[in-house]
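J.: Input: one structure, supplied below.
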């Protein structure tokens with residue numbers, strides 16, 4: 001049942017499943033996919049801009065999004081947006097209940 005394809009298999013051991021996954025994504029996938037994979041966790045993205053955004057927000061301590069009102073900093077724009085909406089404008093999403101440690105006792 002040969003169809004003219006060969007599959008290379010690495011024989012090197014890996015410490016965990018995640019390491020094996022990242023190796024497979026980086027070594028055994030085609031070049032186009034390699035350019036859009038996170039080198040830290042192996043997560044793939046459709047374009048380089050989203051990959052860069054992921055790396056900055058998830059794998060560095062950079063916080064490029066800063067609140068103009070109080071100076072709080074965030075790695076994700078969506079976190080800054082939620083912060084401004086909930087903290088400064090007191091707008092909560094439907095069904096939101098604050099964590100127990102934040103609830104005011106009546």
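J.: Check segment 43-56 and report whether any residue there is touching a strand residue (DSSP E or B) at 6+ places or on another chain (Cβ under 9 Å), at pLDDT 85 or above and not in a loop (DSSP other than H, G, I, E, B).
T.: The answer is yes; a qualifying residue exists.
J.: Still on this structure, I have one more. Is it the case that some residue within segment 28-37 is surrounded by fewer than 13 Cβ atoms within 10 Å (Cβ to Cβ) and modelled with pLDDT of 85 or more?
T.: No; the residues of segment 28-37 include none that is surrounded by fewer than 13 Cβ atoms within 10 Å (Cβ to Cβ) and modelled with pLDDT of 85 or more.
The values are calculated or read from the model by the stated rules, or taken from the named source; none is laboratory data. It should be emphasised that the depicted structure is a prediction, and the values quoted were computed from it without experimental measurement. Because the Cβ atoms are built from the backbone with ideal geometry, glycine has one as well, and the counts that use them run over all protein chains shown.
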